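Structure below; questions to follow.
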Amino acid sequence: MGRLVREELENQEGTILSPYAAFSNRSKGRLREETECPLRPAYQHDRDRIIHSKSFRRLKHKTQVFLAPAGDHYRTRLTHTLEVSQIARTISKSLHLNEDLTEAIALGHDLGHTPFGHAGEETLNEVVPEGFNHADQSLRVVDLLEKDGTGLNLTAEVRDGIVKHSKGRGEIFGQSGEDAPFTLEGQVVRIADIIAYINHDLDDAIRAGIIHLEDIPKDCLERLGSTHSMRINTMVYDIISETRRGDTERLSISAEVLAATLRLRDFLWTRVYENASVHRDFHKATKLLRELYHYFTLHPDPFLSLIERKEFYDTPERCVCDFLAGMTDRYAVNLFEQLYIPKPWVTVTDGPRML
């Protein structure tokens with residue numbers, strides 16, 4: 001019965017999805033062969049594995065832009081991930097692509113992100129000999145680090161979309177060479193990521209008083225909309241309509257909306273991401289991560305005890321990097337306090353001891 005359920009769902013994909021979609025029963029496969037789930041097609045199974053992973057749960061306590069904000073309404077890395085997923089699914093559904101694959105990529109794209117946002121990523125990139133990139137780390141998480149070193153064994157399509165989602169200030173579609181995801185679903189997540197963070201980072205920056213609505217370039221507001229929801233709707237609708245009008249083997253966006261989107265991204269970099277008040281505590285976070293990295297690379301025995309291993313599974317530097325990248329903001333702060341902040345002594349009946 002179970003096998004029949006999965007095959008029924010796979011057959012539905014064949015009748016509903018676009019010929020350009022990624023079909024579950026045509027996947028390029030997993031890193032290791034395994035028995036297929038009797039109920040779930042491959043990409044749905046991948047999505048569920050990601051949702052139930054420890055690294056996914058830790059995203060709720062990782063910085064998006066504002067470090068450990070006191071307000072309840074600021075985004076975290078988890079809420080960012082959920083917003084990317086929602087936007088990506090909307091685009092995929094309208095283009096008759098595989099929503100399960102799209103959602104799996106979206107939910108897994110930031111699993112390797114560091115504590116303290118991009119400040120943490122920049123710090124690890126500076127101190128680790130081989131460098132650090134959060135997209136590569138996300139792939140490392142699902143391939144190796146999850147499930148006590150066995151990984152999640154995801155499909156090639158999900159793994160490709162995860163590692164190729166990152167843009168920085170580069171080309172948003174990644175349509176050239178090795179930067180381009182080989183599925184349309186991967187391309188959808190790549191553009192959904194920028195739509196999500198541009199809009200929710202603007203929203204959070206206004207909430208924090210870093211910028212005001214009137215600071216946003218007027219031509220962007222005129223073309224995209226004056227509210228958070230209007231701008232998202234404009235960007236999403238434009239991508240769907242332009243793609244359906246043209247070559248559906250590639251995502252498309254109108255020149256006007258693309259220009260306004262890139263202008264908003266540049267505005268965010270200048271006025272928010274590089275803002276002195278935003279960066280103030282990130283300097284402290286940078287020092288914190290540097291100190292933790294140097295401490296554990298110089299003291300391998302306490303480190304191995306902390307991660308409950310008898311030996312390194314990679315170079316010591318890379319193992320320490322994996323550990324630091326997986327931390328939540330608060331865990332990193334608490335660990336730093338344990339290692340470097342002196343504790344007061346108290347007097348008890350059997351003599352002094354530390355708190």
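Ile50 - would you say it is touching a residue at least 40 places away in the same chain (Cβ under 8 Å), β-branched (Val, Ile, Thr) and out of contact with any helix residue (DSSP H, G or I) (no Cβ under 6 Å at 6 or more places or on another chain)?
no
Would you pick out the residues in the range 129-162 that are acidic (Asp, Glu) and in a loop (DSSP other than H, G, I, E, B)?
Glu130
May I pose another question? Has the range 69-87 got at least one residue that is on the phi > 0 side of the Ramachandran plot and either part of a loop (DSSP other than H, G, I, E, B) or at pLDDT below 95 (or both)?
No, the range 69-87 contains no residue that is on the phi > 0 side of the Ramachandran plot and either part of a loop (DSSP other than H, G, I, E, B) or at pLDDT below 95 (or both).
Go through the residues of the range 100-121 one by one and say whether even a single one is modelled with pLDDT of 95 or more, acidic (Asp, Glu), more than 16 Å from the chain's Cα centre (by Cα) and in a helix (DSSP H, G or I).
There is at least one residue in the range 100-121 that is modelled with pLDDT of 95 or more, acidic (Asp, Glu), more than 16 Å from the chain's Cα centre (by Cα) and in a helix (DSSP H, G or I).
Return yes when Glu274 is out of contact with any Leu (no Cβ under 6 Å at 6 or more places or on another chain), at pLDDT 95 or above and farther than 22 Å from Val141 by Cα and no when it is not.
no
Right, next: Somewhere in the range 251-271, is a residue touching a helix residue (DSSP H, G or I) at 6+ places or on another chain (Cβ under 8 Å) and under 16 Å from Val127 (Cβ atoms)?
no
For Leu82, work out the one condition from (1) farther than 15 Å from Arg159 by Cα; (2) crowded, with 21+ Cβ neighbours inside 10 Å; (3) aliphatic (A, V, I, L, M) it doesn't fulfil.
Of (1) farther than 15 Å from Arg159 by Cα; (2) crowded, with 21+ Cβ neighbours inside 10 Å; (3) aliphatic (A, V, I, L, M), only one is false for Leu82: (2).
Still on this structure: Could we say that Ser226 is out of contact with any Asp or Glu (no Cβ under 6 Å at 6 or more places or on another chain) and modelled with pLDDT under 95 here?
Answer is yes for this residue.
Then there is this: What's the number of the condition Lys60 fails, among (1) open to solvent by 10 Å² or more (accessible area, probe 1.4 Å); (2) under 30 Å from Thr243 (Cβ atoms); (3) part of a helix (DSSP H, G or I)?
(2)
Residue by residue, here is whether (1) surrounded by fewer than 19 Cβ atoms within 10 Å (Cβ to Cβ); (2) at pLDDT 95 or above holds:
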{"position": "Asp281", "(1), (2)": "yes, no"}
{"position": "Arg290", "(1), (2)": "yes, yes"}
{"position": "Thr297", "(1), (2)": "yes, yes"}
{"position": "Ser305", "(1), (2)": "yes, yes"}
{"position": "Glu311", "(1), (2)": "yes, yes"}
{"position": "Pro316", "(1), (2)": "yes, yes"}
{"position": "Cys319", "(1), (2)": "no, yes"}
{"position": "Phe323", "(1), (2)": "yes, yes"}
{"position": "Ala332", "(1), (2)": "no, yes"}
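If you don't mind, another one. Could you grab the pairs with beta carbons closer than 8 Å, sequence gap of 6+ or different chains, first residue in the range 240-264 and farther than 14 Å from Lys218 by Cα and surrounded by fewer than 14 Cβ atoms within 10 Å (Cβ to Cβ), second one small (Gly, Ala, Ser) and modelled with pLDDT of 95 or more?
Short answer, once both residue conditions are applied: Arg244/Ser94.
The values are calculated or read from the model by the stated rules, or taken from the named source; none is laboratory data. Keep in mind that this is a model prediction, so the values were computed, not measured. Cβ: placed from backbone, ideal geometry, glycine included. Neighbour counts: every protein chain shown. Quick note on the areas: whole protein, heavy atoms, side chains included, nothing else; ligands and nucleic acids left out. Shrake-Rupley method; radii C 1.70, N 1.55, O 1.52, S 1.80 Å.
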